[in-house]
Each structure stands twice: as C-alpha cells, then as structure tokens.
Amino acid sequence: MTPRMSSRRRQAPEGLQAAFPLRRMKSLRGSRRLAREKVLQIFAAATAAQVPWDTVFEHIFYRDFTVDIPTPVRPLLTPEELQEVEADTPIHWEEDELRFARQLLEAAERFREVAAEALCNVLQHWDIERLVPIDRLILQLGIAEMLAFPQTPVPVVIDEAVELAKKYSTEHSGQFVNGVLEAAYYWLVERGLRAPSPEMRPRTAQEALQAFELPQGYNAEVFHTLPGSSGQGSSQ
C-alpha cells in the first residue's frame, strides 16, 4: 500500500496572515468532502469576480473561515484569547487532497461547455442562466467530477453535490441537484463521454429525463433570487 503523504498547513499569501490571523489552539484535518466545499467557494468567487480560479485558490484553500465563537468561561478575555476567538481555523491538507481540488477546478473549466450542454438537455425549456446561481455552479462541478474522475462512484459524486446544495443553497436545492445530476449522468453515458458506473442501474437518457421531477417550490425559489422579481414567473 502506498503511504499517504504527510499533511501540511497552507501558508497565507504575503500580508494576508496579519490581516486575517489563524487560530493557534484549533485546527482541522482536510478531507475530500472539505476539499469539494473549498472548490465550490473558489469556483463561486472566481465566477463572480470574473477572474481565473488560480488567483483565488491560495486565498481560500489554506484557511477555514468560521463564525463559531465559543462561550467564554469568564466575562472578560485577554487580548491573546480574544484574538484566538476571532481568528480563522487552519486546515491541514494532504497533498492528494490539494491535487484533487486543483484537478477538479481544472476539469470544471475544461468541461464548462459540455456541462452547459448537458444541463440544457436535462432542463429543457429552462434558461440555465436563471437557475439559482450556486446550484448552477454545484451542477457544473458535479458534471466535471463525473467526467474527470471516472474512478469515483457516480452515487458518491451526486451525494456530495447534494450535501453542498443543502448547506449552501435553498430548501429544495438538494433534491433538485440530485435529480439533475442523475439525468446528466445518463446523458453523458449515452453520448460516450464517460463509461457507465456499475453502481448506477442501466437506463436510457430519455428514461432518466422522464423520471426527473422538478421539486415542488423550486421554481418559486429560482424567481425569488432574481433581482426585481415578484416571485412569480414561468420557467420558459
């Protein structure tokens, strides 16, 4: 068995450590799940700012921004204790986790057009740009992972995307992401863009599309996120 590479703490870009200190008494160990979460944060930030993702990577990946403040054991804290409470939590990453994150971001960029085509075929009669923005990014990352990491079971890819949607998006987004990614997988297989996953039951892309149901209430959530929207509208 190949031994895992030793973990390391990512170093802050010059000048950032002083402005945003890291905790000294608390840290986290990285994981692929946490790596996917950081990838989503990077992808969202880069997309919103219209900058390459690698310009954002170091600013996000080496640290865990937290807002959890423990209850103090006494009314007043020393300056050192206050700094520890307000600081962010460092993450110790394995080299393979960092490599996975970079490869997933590269795949999201490389397969952007394929993901858009897959979503257009699954979400027929929908304007993809009008989806809840974070859902669209999660779907793009899920499709990219299915294409770039065929060794990862598709149910794992879908489940991880669903968890991201539950944490970062709307009440119905988890169910929505689950249905769309499952249908997108069959579309990818039917077009020879990836091999079938043994964990997924055989079916055609058309059967998957027919089985997909938009979660009740999701349409209203989409329009609620649109600037100036009254919450009413059509998916057309």
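Values quoted throughout were computed directly from the atomic coordinates according to the rules given, and no laboratory measurement underlies them. Given the structure is predicted, the values throughout are model-derived calculations rather than measurements. Backbone-built Cβ (ideal geometry, glycine too); neighbour counts: all protein chains shown.
Between Glu109 and Leu214, what is the FRET efficiency for a Förster distance of 35 Å, r being their Cβ-Cβ separation, to the nearest 0.05? Walk me through the numbers on the way to the answer.
Details: r = 28 Å, r/R0 = 0.81.
So, using R0 = 35 Å, E works out to roughly 0.80.
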Most exposed first, judged by fewest Cβ atoms within 10 angstrom, Ile128, Ile134, Ile143 run Ile128, Ile134, Ile143
Under the rule of at least 5 residues apart or a separate chain, name every residue whose amide H is placed under 5 Å from the amide H of Ile91. Arg10, Leu28, Asp64
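Order these by the 10 Å Cβ neighbour count, fewest first: His125, His92. Show your work: numbers first, answer last.
On the way: His125 8, His92 14.
So the ranking, lowest neighbour count to highest, is His125, His92.
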Which ordering of Ser31, Ser169 is given by a fewest-first count of other beta-carbon atoms within 10 Å? Ser31, Ser169
Inter-label distance, nm, simple model (7 Å from Cα along the C-beta direction), Gln124/Arg191: 1.5
